[in-house]
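The values are calculated or read from the model by the stated rules, or taken from the named source; none is laboratory data. Source: prediction; values computed, not measured. Here Cβ is always computed from backbone atoms with ideal geometry, including for glycine, and neighbour counts include all displayed protein chains.
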């Protein structure tokens, strides 16, 4: 039987779905498929029919991508924040990286997806650090602030207001008049 440390601090516990302490054939096959899966980002052509596996791919970015946050297409650029606070902007037509850099003061895990409004991209790390960047391929950090509480949910934007849910509080931010 695996040690408690192996079960709790590795992927073993994730793959041992029946919690038997052993991987059966189905669990092993799932683990193997997951661990050998290709990681990356790609752009595909819409509207095709039949097997378009090769012909539909416009471009591929074959480096690690975030586990949870989605990418954001906004103001003519594609934005992606990885799991450790590195923001990458792409040209959505070519897949070329325009800019890549660490969000200073916001080095943490990211579960919330980036959102865009008012010409800005808002990114919130797990520890509740909010980074506001200029929404352009050659982005720049405009502000960094802490909410002082963990954030796992993607902010919602409606009628000029940004709603952010932390572990303990729901905030609503709006421009002051």
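What to note about this one:
- Complete set of residues in the stretch 36-46 that are free of Cβ contacts under 8 Å to residues at least 12 places away in the same chain and either part of a helix (DSSP H, G or I) or farther than 23 Å from residue 83 by Cβ (or both): 46
- Selection from the stretch 12-21 of residues that are at negative phi and either surrounded by 11 or more Cβ atoms within 10 Å (Cβ to Cβ) or assigned by TED's automatic domain parsing to the domain that holds residue 83 (or both): 12, 13, 14, 15, 16, 17
- Yes/no for residue 49 being outside the structural domain of residue 124 (by TED's automatic domain parsing), assigned to a loop (DSSP other than H, G, I, E, B) and farther than 18 Å from residue 131 by Cα: yes
- Within the stretch 136-167, the residues that satisfy the criterion of being under 17 Å from the mean Cα position of the chain (by Cα), buried (at least 17 other Cβ atoms within 10 Å of the Cβ) and under 16 Å from residue 71 (Cα atoms) are 154, 155.
- Residue check, residue 58 more than 20 Å from residue 119 (Cα to Cα), within 18 Å of the chain's Cα centre (by Cα) and touching a residue at least 12 places away in the same chain (Cβ under 8 Å): no
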